[in-house]
Structures are given as structure tokens and as C-alpha cells.
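The values are calculated or read from the model by the stated rules, or taken from the named source; none is laboratory data. Quick caveat, the model's predicted, so the values are computed rather than measured. Note that we place each Cβ from the backbone using ideal geometry, even for glycine, and neighbour counts take in every protein chain shown.
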Amino acid sequence: MSATLSPEVASFLESGISVLVGTRDPRLVPEAMRAVGARVEAGGAELTVFLPAATAARTVANLEDNGRIAVCFSRPIDHRSLQVKGRVLSIRDGDAADRAVIDRYLEALAGTWQEIGVPPTVVRRVTRWPAHAIRLCIEEVFVQTPGPGAGAPLAGEGVR
Amino acid sequence: MTPTLAELHPCFQGVIPSLITTCARDGTPNITYLSQVHLVGPTQVALSQQFFNKTQRNIAENPWAAVLVMDPVSFEAYRLLLRFHHAETSGPLFERMALRIQVIASHTGMAGVFKLRSADVYDVVEIERVVDFLRPSGAGAPVGGAPLPAGPLTELRGLQTISDRIARACDLEGLLAGALAALDELFGFSHAMVLLPEEPDGHLVAISSRGYGDAGIGAEVRRGEGIIGTVAERRRMIRMAGFGAELRYGRAIRGRVAECGERGTLAPEIPLPGLPDAQAQLALPLLVGERLMGVLAVESRDPLHFDDWDEAFLGIVGNQIAMGIARTRAPEDEDASAERPGGGTRGGGSVRRSFCYYRNDDCVFVDGEYLIRNVPGKILWKVLGLHLREGRTEFTNRELRLDPALGLPAVKDNLESRLILLRKRLQQKCPEVRLVPVRRGRFALELDCAVELIEKETG
């Protein structure tokens, strides 16, 4: 299974919206954590997600165990949401280029969260560094906007 | 230190959406937002299910769920490990959660489309604070900011002032305007309105407001719709926090319903009278005995603005307003004293306003723009007609009450509230025509324009 994101979907995912990571341990006990940004790669076939080392120890342990990952991207103001499911290709420590992406992401997130009443000073305090860079291949993409049809595979122009 | 579930109470008000991860039997995780986390007891929470989705399918296969919640004041994050216990589709818990969803659904025109399927109860197996989710703030100042401490004496004096204004008001308009002004000036309820029920179906009409300008006057809310309509129907106070978040959630679903070709099932969205970006609303019924006199609604852009104190305080003020409204309904005697000249036309030739009355729905338009309908519309039509035909400029409440064509009930007729509404609508849409109280039980028609009257059967 594989899916490739369209440029429009890729830019939505990179637009400073919430990035949420779901994993599970060997006993299938799930874990939820917020990421600090993502970058679409390999022409839309892969994704790198950034997770702060301080808060993501359990998530990273799960990914090292089984590599199964779900990433939900959601825009707070209208709940437009997509969920990407995939398998981890690599886990490494973030580098200087990643750090620039993370800093830009949190600055953009401060703007989108301000729209729903969260002060930008709070988003700027989110622990971000050091961070892990989780690279994954995209297997499936689902529409996650709440309502009927939530959970349906993204079709049409969004993926190839 | 592990916090208790009760200490996480602010996280469950829906201000910041919570996340949930579940896992299918084949090991595929799933992560999504949750619309509602409801505190059930010291060791249980309930999650709302509006649609059958992947989360529910996963839970049927594997009962574990991880939920991440955020405190809307401190912005600390907490992780809850849950294990599915049972689902409820009736009973008090289900009713409480369904009421909240019903309010959101009807506000977004989705009554019946977006409703609670089940309240899923989970055991909370672990609670932990996400350590280092936030870096320490520079100054160590609280992020949310606590309200200024208010001493009991200050509050009591403020309450006394409001009570005085209500007790001494000489008419309904003064009573409501005075009470809302005092609530704003003394207690910071800067966006408030009072709506009164109208026959025959008991829909509510905004008659007085504070903080919105005059635009909301005359706005109508049907029984059972939105927070205000639901308060009127159930005669219970409702406080919604994080209202904006849930409204956005409801609108997102509405958008998906429309995209999925089910547009025909949607009712037109009710414009919420008030702040377009309200984050919290508190509305309460104004009751005298068994009788609903109206609804008092306050709102704020701050999702945590209203708490238990506001409920109790506004409950007292609401009772006073309700009794005040009942008092102004007592039939007035015409006051022969304090004669004051009024009425008539001044320089009527320069401007011309054209009024059109539609008989089928008792609607009055002025120069093609909707003005007013029902009883206030019929009153305006009668007054303007008598002026054109007989040159009259002064009218009594008594003659309006005695005119069967206006359809006022024999007792407790709300005539005063209808005249207030009519006066305010004229101020907004046609300031050249004014109804000015001259003395108790009498008013004068003042015109700064020429008036044309047209009657049509239908629009």
C-alpha cells in the first residue's frame, strides 16, 4: 500500500496546523502526542514528523518497536482534518535544518491557535528541542473532518 | 504528583479539543479529535459518539484508548489511559450529554442530523501530567489571568444597586435597559440581552440588549432552538463554555453534510443574536410562578468567563427582572396629569417613506426593507392609517387593547413590549417616524416625512 499526496494537500499539511501522532505498544495499548511540525518529502510519498524528545519518549519507543504510525493534521478554526497512516522508515535526532522547520511551524501554529483564543505566548512555550525526526512512508490518507464521511479514504485530486 | 480526575475538571469544558488514539486488532493506530469528554465520577469519563467511526470500530476490537487533554488556563497537557466500560443510550448521563449536543446542532441548523448516538463510559486507568510539555514562562505570570478578587460587600452593594434600578423603573423599557446597564457597569457582563416570548408559538424576541448596538433588537429565536430557545423550552439555566470550539465543530459537520449531498436535511442556520465569536454563553429563564416571562442571556469572548458564581448571581438578578416584567404587565391606568405636547408632522414634504403591508403574514416593509411583523406590525399599520385618514397624532394603549383586529389577548397582553420593539425597529429602519410616549398609557406619532401606505395580499 502506498499513497502520494497532491501539492495542495502537501501545502495544507505544512500550513502551521495541529499535528497529532498516534502510536501503540506491543500489547496494542495506544498513545497520543502532539508533534512540533512536519515536512512532506519524496514528492508527496513520504513525511517527516518532528517530536520533542522531552514529551515523546513513549511514542518513540512504540515506533522503535513496531513502526506503525497515524498522524492527524487539523486546522482548528474549521476542523478541516486529514489522517495519514504509514510505516516508519527511520528515526534520527533532528538537525539544524529541522530546527528551523520546527521554529517556523510553531510560529505559524501560534497564529492559527490565536484564532481559537489560545494566546501566542503559550504556543511559543511548547517544548520543541531537542527533537526526533520520524520519517515515514505514506500508506493511506483519510478525510478526518468530523461528520458523515469522516474516516473515508481521501479520493480524487488529493492523492495518487 | 498524579492529579485526580476531578482536578482536571477545566480540561473537560471543551475549550481546547482533546485527542484520542485507539488501535485496531491488526495493530493500526488511529488518532482523531474528540468533541466532548464528560466527567462521570472519580474514576470514569464518558466520550460522546455522534457518528459511527473508526474509533468505535477499534474500541469494539480493543478496549484501550489514550486521550490527551489540555488545561485551558494553565495550558498544561495530561495523558489519560482509558479502558472501555459500557455505552449508555438513555438515562441522566446520556440526557446531559445529548442536551449539549442538541444545543450545538440546532445552532448550526442540524437538529436531528447531528445527535448523540451513545455516551461511552470508560474507566480511567492512568492519569499523568505530560512533564515539560511547556517550557517555564519567563516572568512566571499566570497565563490566563485570574479575575480580580471581589469582596462579598462589593458584590452585595452591586446587587443592591441592580435591585434598586429594577424596583424603581417606571416602565418595561427602563427596567430592562437599567438592569442590563448595571450588570455591565458593576459586574462586567458587557454583552447581554433579554428576550420575551411572543404568542402564539412562544418564539422569543430580543427586546433589550447591551453591548451589541441596536442591531439585535427584534431578532427571533424559536422555542427549542439554540441555547436561548432550549432554555425557554426546558426552563433551565444553561452555561456553555468553549462554546466557540463546539460551534466550529458543529459547523464542520454541517459543511460535511452539505458536501456529502445531504443538504436537503439542513434547516437554515439561525443567526445567533450577539457576538459572532462568542466563546461562552449563559442563559437563564425568567420565571414568575410557572410562567415564562423571558430569557436573560449573557455571553463573552472568554471561554472561562462564567462560573458557578455567575450562575448564582444571575439567578438572583433574573428573578428580580422576572418579577419586574410581571409588574409592568399590570394594566395601567391612563394618566391624565403631566400633559405634554407631542405628535404631529414637521416639514413632512421633503422625504417620502413608503410602507407596504402584506396581509398574508402581517409583515410591514419600509421602502422595500423588512421592518416588523405580527402584532407590532398591525399596530403600526393602524396608527399610520388613522393618521392619514383622520389626521390623528395621539393614541392610547386602551384603544389598541380594545381593537379586536390587533388580536391582543384580554389579559397580560405584552402590549408594552410590542410598543418597545416597534419604537426600536423604527429608530433603526425609519427614524423619520417615531412613537413617543407622552404620558402613562398614551403615545404620540411624530413624522419628519411624508408617508405612503400600500397594502398587498402576498409578497
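Hey, does the stretch A:5-16 have a residue that's within 14 Å of chain B (Cβ to nearest Cβ), part of a loop (DSSP other than H, G, I, E, B) and either touching an Asp or Glu at 6+ places or on another chain (Cβ under 7 Å) or at pLDDT 90 or above (or both)?
The answer is no; no qualifying residue exists.
Taking B:Arg291, is it modelled with pLDDT of 65 or more, farther than 21 Å from B:Ala98 by Cβ and among the basic types (Lys, Arg)?
In short, yes.
Residues of the stretch B:294-305 being crowded, with 23+ Cβ neighbours inside 10 Å and hydrophobic (A, V, I, L, M, F, W, C), which ones?
Correct list: B:Val295, B:Leu296, B:Ala297, B:Val298.
What are the pairs, 6+ residues apart or on separate chains, where a residue within the stretch A:84-109 that is within 13 Å of A:Leu51 (Cα to Cα) has its Cβ under 8 Å from a residue that is part of a helix (DSSP H, G or I) and β-branched (Val, Ile, Thr)?
A:Ile91/A:Val60; A:Gly94/A:Ile102; A:Leu106/A:Val123
Is one or more of the residues making up the stretch B:172-180 assigned to a helix (DSSP H, G or I), of a type in the set (D, E, K, R) and either over 22 Å from B:Gln320 (Cβ atoms) or at pLDDT 80 or above (or both)?
Within the stretch B:172-180, one or more residues are assigned to a helix (DSSP H, G or I), of a type in the set (D, E, K, R) and either over 22 Å from B:Gln320 (Cβ atoms) or at pLDDT 80 or above (or both).
Filter the stretch A:59-77 down to the residues that are of a type in the set (Gly, Ala, Ser), more than 7 Å from every other protein chain (Cβ to nearest Cβ) and either part of a strand (DSSP E or B) or in contact with a Lys or Arg (Cβ under 8 Å, 6 or more places away or on another chain) (or both) and list them by number.
A:Gly67
Would the stretch B:198-209 turn up any residue that is at pLDDT 70 or above, assigned by TED's automatic domain parsing to the domain that holds B:Leu180, surrounded by 21 or more Cβ atoms within 10 Å (Cβ to Cβ) and among the hydroxyl-bearing types (Ser, Thr, Tyr)?
So far as the stretch B:198-209 goes, yes, one or more of its residues are at pLDDT 70 or above, assigned by TED's automatic domain parsing to the domain that holds B:Leu180, surrounded by 21 or more Cβ atoms within 10 Å (Cβ to Cβ) and among the hydroxyl-bearing types (Ser, Thr, Tyr).
Any idea which residue in the stretch A:78-98 is farthest from the other protein chains (Cβ to nearest Cβ), counting only those that are small (Gly, Ala, Ser) and buried (at least 18 other Cβ atoms within 10 Å of the Cβ)?
Restricting to residues being small (Gly, Ala, Ser) and buried (at least 18 other Cβ atoms within 10 Å of the Cβ), the top hit is A:Gly94.
Can you find even one residue in the stretch B:87-98 that is of a type outside the set (Ser, Thr, Tyr), closer than 17 Å to B:Glu126 by Cβ and more than 9 Å from every other protein chain (Cβ to nearest Cβ)?
Scanning the stretch B:87-98 turns up no residue that is of a type outside the set (Ser, Thr, Tyr), closer than 17 Å to B:Glu126 by Cβ and more than 9 Å from every other protein chain (Cβ to nearest Cβ).
Could you check A:Gly43 against (1) over 19 Å from B:Asp132 (Cα atoms); (2) in a helix (DSSP H, G or I); (3) touching a strand residue (DSSP E or B) at 6+ places or on another chain (Cβ under 7 Å) and say which number it fails?
(3)
Given the structure, is B:Ile270 under 21 Å from the mean Cα position of the chain (by Cα) and either among the charged types (D, E, K, R) or modelled with pLDDT of 85 or more (or both)?
no
Name the residues in the stretch A:78-94 that are in contact with an Asp or Glu (Cβ under 7 Å, 6 or more places away or on another chain) and either assigned to a helix (DSSP H, G or I) or closer than 21 Å to A:Pro153 by Cα (or both), would you?
A:Lys85, A:Gly86, A:Arg87
Take B:Arg263 and tell me if it is surrounded by 18 or more Cβ atoms within 10 Å (Cβ to Cβ), over 26 Å from B:Gly158 (Cα atoms) and modelled with pLDDT under 85.
No.
Give B:Pro29, B:Pro92 a once-over and let me know the one that is without any contact (Cβ under 8 Å) to a residue 24 or more places away in the chain and in contact with a Lys or Arg (Cβ under 6 Å, 6 or more places away or on another chain).
Selected residue: B:Pro29, the only one of B:Pro29, B:Pro92 that is without any contact (Cβ under 8 Å) to a residue 24 or more places away in the chain and in contact with a Lys or Arg (Cβ under 6 Å, 6 or more places away or on another chain).
State the number of residues belonging to the stretch B:273-315 that are within 14 Å of another protein chain (Cβ to nearest Cβ) and under 15 Å from B:Phe189 (Cα atoms).
Residues flagged as within 14 Å of another protein chain (Cβ to nearest Cβ) and under 15 Å from B:Phe189 (Cα atoms) within the stretch B:273-315 amount to 11.
Is there a residue in the stretch B:236-257 that is away from chain A (no Cβ under 14 Å), at pLDDT 80 or above and not in a strand (DSSP E or B)?
yes
May I ask you to say which residue of A:Ala3, A:Ala70 is over 21 Å from B:Leu19 (Cβ atoms), in contact with a Pro (Cβ under 9 Å, 6 or more places away or on another chain) and of a type in the set (Gly, Ala, Ser)?
Exactly one residue qualifies, and that residue is A:Ala3.
Evaluate the stretch B:11-24: report whether one residue or more is touching a residue at least 24 places away in the same chain (Cβ under 8 Å), more than 8 Å from chain A (Cβ to nearest Cβ), farther than 27 Å from A:Val118 by Cβ and touching a helix residue (DSSP H, G or I) at 6+ places or on another chain (Cβ under 8 Å).
Checked against the condition, which is being touching a residue at least 24 places away in the same chain (Cβ under 8 Å), more than 8 Å from chain A (Cβ to nearest Cβ), farther than 27 Å from A:Val118 by Cβ and touching a helix residue (DSSP H, G or I) at 6+ places or on another chain (Cβ under 8 Å), the stretch B:11-24 yields at least one hit.
Can you list the strands (runs of 3 or more DSSP E) lying wholly within the stretch B:378-459 that have 2 or more residues being at pLDDT 90 or above and among the basic types (Lys, Arg)?
Fully inside the stretch B:378-459 and qualifying: nothing.
Within the stretch A:114-137, is even one residue hydrophobic (A, V, I, L, M, F, W, C), in a helix (DSSP H, G or I) and within 18 Å of A:Gly37 (Cα to Cα)?
yes
Out of (1) in a strand (DSSP E or B); (2) within 13 Å of the chain's Cα centre (by Cα); (3) of a type outside the set (Ser, Thr, Tyr); (4) buried (at least 22 other Cβ atoms within 10 Å of the Cβ), what's the single condition that is false for A:Val36?
Result: A:Val36 fails condition (1) only.
Being surrounded by fewer than 21 Cβ atoms within 10 Å (Cβ to Cβ) and within 10 Å of another protein chain (Cβ to nearest Cβ) is the filter here; which residues of the stretch B:64-74 pass it?
Matches in the stretch B:64-74: B:Ser74 only.
For B:Ile372, work out the one condition from (1) of a type outside the set (Asp, Glu); (2) closer than 19 Å to B:Leu172 by Cα; (3) modelled with pLDDT under 90 it doesn't fulfil.
(2)
Out of all the residues in the stretch B:159-171, which are assigned to a helix (DSSP H, G or I) and within 24 Å of the chain's Cα centre (by Cα)?
The answer is B:Leu159, B:Ile162, B:Ser163, B:Arg165, B:Ile166.
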